[in-house]
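Student: Dumping the structure here so I can ask a few things about it.
The values are calculated or read from the model by the stated rules, or taken from the named source; none is laboratory data. Computed from a prediction, not measured in an experiment: that's the story for all the values here. Here the Cβ positions follow ideal geometry from the backbone for every residue, glycine too, while neighbour counts run over all protein chains shown.
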Amino acid sequence: MQAEGTIRQLAMQARAKHGESVEQIAEARRNTPRGALLLAACVGFLPGKLV
């Protein structure tokens, strides 16, 4: 039973950390839209070059 509680606690911490990471990425995107556009362009361009 104790292991189950520990696993649940770790899962909750992982979910919280994931939410924080997503929020940080969204905030950075809002603060630097040019960087986001550049990244999107590169992500679209590179696979097109490879194909």
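Student: Out of curiosity, is Leu10 of a type in the set (A, V, I, L, M, F, W, C) and surrounded by 10 or more Cβ atoms within 10 Å (Cβ to Cβ)? Walk me through how you get there before you give the answer.
Tutor: Numbers: of a type in the set (A, V, I, L, M, F, W, C): yes; surrounded by 10 or more Cβ atoms within 10 Å (Cβ to Cβ): yes.
The answer is yes for Leu10.
Student: Related question: Looking at this structure, is Gly35 assigned to a helix (DSSP H, G or I) and surrounded by fewer than 10 Cβ atoms within 10 Å (Cβ to Cβ)?
Tutor: On the way: assigned to a helix (DSSP H, G or I): yes; surrounded by fewer than 10 Cβ atoms within 10 Å (Cβ to Cβ): no.
No: the conditions fail for Gly35.
Student: Going by the structure shown, is Lys49 among the charged types (D, E, K, R) and over 18 Å from the mean Cα position of the chain (by Cα)? Please lay out each step first, then the result.
Tutor: Numbers: among the charged types (D, E, K, R): yes; over 18 Å from the mean Cα position of the chain (by Cα): yes.
Judged against the criteria, Lys49 is a match.
Student: Is there any pair linking a residue in region 1-29 that is in a helix (DSSP H, G or I) and of a type outside the set (Lys, Arg) to one that is surrounded by 10 or more Cβ atoms within 10 Å (Cβ to Cβ) and at pLDDT below 85, with Cβ under 9 Å and at least six apart or on different chains, and which?
Tutor: Ala28/Gly35; Ala28/Ala36
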